[in-house]
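None of the figures in this text is laboratory data; all of them are computed from the coordinates on show. Keep in mind that this is a model prediction, so the values were computed, not measured. Here the Cβ is made from the backbone with ideal geometry for all residues, glycine too, and neighbour counts use every protein chain on show.
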Amino acid sequence: MTETTTGRTQPTHGERTAYDGEDVLVDVRGIKVHFPIKRGVIFDKTIGHVYAVDGVDLQIRHGETYGLVGESGCGKSTLGRAILNLEPPTAGSVTFDGVDIASLKGEDLRRKRQDIQMVFQDPMGSLDPRQSVESLLLEGMKAHGLAKDSAAANARLRELLKAVGLPVTALSKYPHEFSGGQRQRIGIARALSVNPKLIVADEPVSALDVSVQAQVINLLEDVQEEFGLTYLVIAHDLAVVRHISDRIGVMYLGALVEEAAADDLYATPLHPYTRALMSAVPVPDPLIEDRREQILLTGDLPSPSNPPTGCRFHTRCPWRQETRCDTERPELRVPDVPGVDAGQRVACHWTEQIASGEITAHPVSGEVVERVEGPDDTDFMGPASISEAL
Amino acid sequence: MTSMSASPSTHPSVHPGAGEPLLSVRDLRVTFQRQGQEPFEAVQGVSFDVRPGQTVGLVGESGCGKSVTSLAIMGLLPKHGNHVSGTVDYEGTNLLTLSDQEMRDKRGKDIAMVFQDPLSSLNPVVPIGIQVTEVLERHRGLSRKAATPVARDLLDRVGIPDPDRRLKDYPHQLSGGMRQRALIAIALACKPRLLIADEPTTALDVTIQAQILALLKELVQDTGTALVMITHDLGVIAGLCDEVNVLYGGRIVERGERHELFAQPRHPYTHGLLASIPRLDAPRGQRLQPIPGSVSDNLPWTHACAFAPRCSQPIEVCTQVMPELEEQHGRALRCHNPVEGHR
């Protein structure tokens, strides 16, 4: 894993559920991102931390799509930004293609960013309104020395537009002249312009209309095949993530609670939170809606600046037990449940007992969550593009 | 929250969808006029009925006129810069002809509304308790002192834990889900017969959305309140509404009972929407079938079907004649070339 892979390994479609330790493009180990909460008039005193990401291990293989789901405030966006080193991690390491990104500085880091690009949620907010599409697309290419030959650069622009399904006439237009879906296409073209290996897409379709979402999802799938890309897709919409991803990690309060191949996660969700999340997603089919049994979680998401002890989900968990849950933090592990794939990992002490029906759900009384004044998720909005961050 | 399920239903005899319509909207039109610009007709002749205890859904994408319809019904559109015509019949009174004072007496008492963003619909500098008692003082003539225990019970009813303490809290001290519950408590304070909910769960997380939808469903069943649910999410509609109206470009293009509509969508737009959404329960590996283009490709309804440029099966007449909304066996359809067969 530490050896540098020079050539791109061709992704093997189909059987890639089990983690085999090879072919890993991104290797995240024990990553933590803590934001200090500061108070004070003259001296900023740190009075606490927001534990946005608190110990996550994950591996993304060449050519796969890794989906990260969770509710707002669970740290999924921060994790995505930490992988790009846009948010310097407090602890842990991110190895990309054999190189530890956290150890890179200055020019080396800037060069490495050519390989990792990002697609943002709000295409209007992430495209400079005063730049034409041509200049938007060329900016990244120039920064990485890919636009030295203007004829070749022009040909490349045409190729990019064709790949994302926009006419060549779009080059001289400005972002406001496009619809939301088209703007997202420009955002994708910009990410593609520097030939990245990994694209981190943070809520790529949630700002779009329902009928347009499918266009962008299909486009993401098409360009992945065409350019052999690896994706990290971050979204709150479980149905979108399941559709697009090969493997899915479910996050709750800064940590992964379950990780599995997309089909396994849907067929046999093992963690109580995953079960509740699955049962809460409305399905556009009245027959299913009438029949289904919902696991309604009570109360709110606890504050990430004051996370519960032990298992972070124990305050809302219908399967909570008297012992271990509130004292011991569960590790992500392969559970001993018959019929479950070895690639499925769960962070719950009682997975086996819950799966066998030994432990049953019981009602939970809603807990009042005190809101602590601190930075909100929206306050972490960073630069609109990677080149802007430099 | 556990106390809620134990509470007996107060109107067990109300049968959804029975009897005379409570609200009857006929040929509602809303035109926005801006200086130096062509007038824009956001709602172009929308008609539908809501019967006592019934849940009616208005579903469509942004810009289809669903929110403007609800604001026009409530008389909440600004007086200047727009023109509202048609009739909104609520128990024999045309709401559009009422004076501001008469409308204020109806709003919050007979008809209440819940909005998408609870933080901007609540007053940030007034405690939650006062905002609930305010409605009771205004419409039921209670004193602040008499209204406070009622407000406390209302907060308890919508599942806000520790209501005595929450009465003194300001909106920013509550989470998004709790704020939406508080807003529902305010809306239900005077036991309205009609509740209009405009995207009430769009700003919320999915587990919180499930809580709020369960709450709405239970309250509607227990109190016999009719509900108009406005949303873009077909999943929410599928689990909640008795009757569904699909809007496109300011007009209703299809209407039907929810089981029939979802099993056999006849308008290509409804059909296309259902085929384009990734479903949690669908087999993976299937490609989504998007609706091409975007709403900016729409044709004017006056001499064509607005959806024709994006339609999967347009015929010649679609770009020449506007299709009329035709009703048959409780279903309505506005299409020249409808989709045949089951989905």
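Using Cα-only point scatterers and the Debye equation, what is log10 of I(q)/I(0) for the stretch B:38-86 at each q in 0.24, 0.25 Å⁻¹, rounded to two decimals?
Each listed q corresponds, in turn, to -1.07, -1.14.
Add +1 for every Lys or Arg and -1 for every Asp or Glu among the other residues with Cβ under 13 Å from the Cβ of A:VAL281, and state the total.
Every neighbour counted, the sum reads -3.
If N is the number of residues in the stretch B:182-287, what value comes out of its Cα radius of gyration divided by 2.2 N^0.38 Å?
Normalised by 2.2 N^0.38 Å, the Cα Rg of the stretch B:182-287 equals 1.18.
Return, for the Cα atoms of the stretch B:100-242, the radius of gyration and Dmax in Å, separated by a comma.
So, for the stretch B:100-242, Rg and Dmax equal 14.4, 43 Å respectively.
Using only DSSP helix segments of four residues or longer, with each worth -39500 (n - 2.57), what per-residue ellipticity at 222 nm results for the protein assembly as shown after dividing by its residue count and rounding to 500?
Per the formula, -8500 deg cm²/dmol.
Return a whole-number percent for the relative contact order of chain B, with Cα pairs under 8 Å and 6 or more residues apart as the contact set.
Taking the mean separation of contacting Cα pairs over the length of chain B, I get 19 percent.
Once amide H atoms are built 1.01 Å from N in the peptide plane, which residues 5 or more positions from B:ILE196, or in another chain, come under 5 Å H to H?
Close amide H contacts, sequence-distant or interchain: B:ALA112, B:MET113, B:VAL114, B:VAL228.
In the P(r) worked out for the stretch B:41-152, what percent of Cα pairs fall beyond 24 Å?
37 percent
With r defined as the distance between the Cβ atoms of B:ARG165 and B:GLU326 and R0 fixed at 56 Å, what FRET efficiency is calculated, to the nearest 0.05?
0.50
Roughly how large, in nm² to one decimal, is the mean projection of the convex hull of the alpha-carbon atoms in the stretch A:101-178?
With every direction weighted equally, the projected area is 6.2 nm².
Which value, in debye to the nearest 20, describes the size of the charge dipole of the stretch B:100-218 about its Cα centre when Lys and Arg Cβ atoms bear +1, Asp and Glu Cβ atoms bear -1, and nothing else is charged?
400 debye
Rg to Rh ratio, the stretch B:254-343, alpha-carbon atoms and Kirkwood radius?
Rounded to two decimals, Rg/Rh equals 0.99.
So if each residue of separation counts as 0.36 nm, and I subtract the Cα-Cα distance between B:ASP281 and B:THR87, what length gain in nm does that give?
Taking 0.36 nm per residue and subtracting the Cα distance, the gain is 65.6 nm.
Over all directions, the average projected area of the alpha-carbon convex hull for chain B comes to how many nm²?
19.5 nm²
List, in the order given, every pair from A:LYS76/A:LYS162; A:LYS105/A:LYS148; A:LYS142/A:LYS162; A:LYS112/A:LYS142 whose Cα-Cα distance in the structure shown is over 22 Å.
Flagged as over cut-off: A:LYS76/A:LYS162; A:LYS105/A:LYS148.
Given a cut-off of 48 Å, what percent of all Cα-Cα pairs of the protein assembly as shown lie beyond it?
For the protein assembly as shown, the fraction of Cα-Cα distances above 48 Å is 20 percent.
What is the pair-distance distribution P(r) of the stretch B:112-183, computed from all Cα-Cα distances in 10 Å bins starting at 0, with each bin given as a whole percent?
Calculated P(r), rounded to whole percents: 22, 56, 21, 0.
Going toward the positive end of the dipole of chain A, with +1 on Lys and Arg Cβ and -1 on Asp and Glu Cβ, which of A:GLY106, A:ILE188, A:ILE359 do you reach last?
A:GLY106
If I model a spin label as a point 7 Å beyond the Cα along the Cα-Cβ vector, how far apart are those points for A:ALA361 and B:ARG26 in nm?
The modelled label-to-label distance comes out at 4.8 nm.
Debye calculation, C-alpha points only, no solvent: report log10 I(q)/I(0) for the stretch A:198-273 at q = 0.11, 0.20 Å⁻¹, in the same order as the q values.
-0.30, -0.94
Return P(r) of chain A (all Cα-Cα pairs; 20 Å bins starting at 0; whole %; ordered from short to long distances).
26, 57, 17, 0
So what's the stretch A:163-302 giving for Rg/Rh, alpha carbon basis, Kirkwood Rh from the mean inverse pair distance?
1.03
At what distance in angstrom do the alpha carbon centres of the stretch A:50-101 and the stretch B:70-96 lie from each other?
Using only Cα atoms, the two centres lie 51 Å from each other.
Which of the helices in chain A, when you take each full DSSP H run, stretch at least 20 Å along the axis at their Cα atoms and have an average Kyte-Doolittle score of -0.5 or higher?
Result, helices passing both filters: A:150-164, A:210-227.
Report, in cubic angstrom per residue, the convex hull volume of the C-alpha atoms of the stretch A:239-331.
It is 117 Å³ per residue.
Considering chain B as a Gaussian network with a 10 Å cut-off on Cα pairs, which listed residue, B:ALA146, B:ALA197, B:ALA308, attains the greatest mean-square fluctuation?
B:ALA146
Which whole number of Å³ per residue matches the convex hull of the alpha-carbon atoms in the stretch A:51-202?
133 Å³
In debye, nearest 20, what is the charge dipole magnitude of the stretch B:173-307 about its Cα centre with +1 on Lys and Arg Cβ and -1 on Asp and Glu Cβ, if you could check?
80 debye
Assigning unit charges at the beta carbon (Lys, Arg +1; Asp, Glu -1) and nothing else, what dipole magnitude in debye, to the nearest 20, does the protein assembly as shown show about its Cα centre?
I would put it at about 1480 debye.
Report the normalised scattering of the stretch A:175-234 as log10 I(q)/I(0) at q = 0.16, 0.30 Å⁻¹, calculated by the Debye formula with identical scatterers on the alpha carbons.
Log10 of I(q)/I(0), two decimals: -0.47, -1.43.
In chain B, which whole DSSP H runs stretch at least 20 Å along their own axis (Cα) and average 0.0 or higher on the Kyte-Doolittle scale?
Both cut-offs are met by B:206-223.
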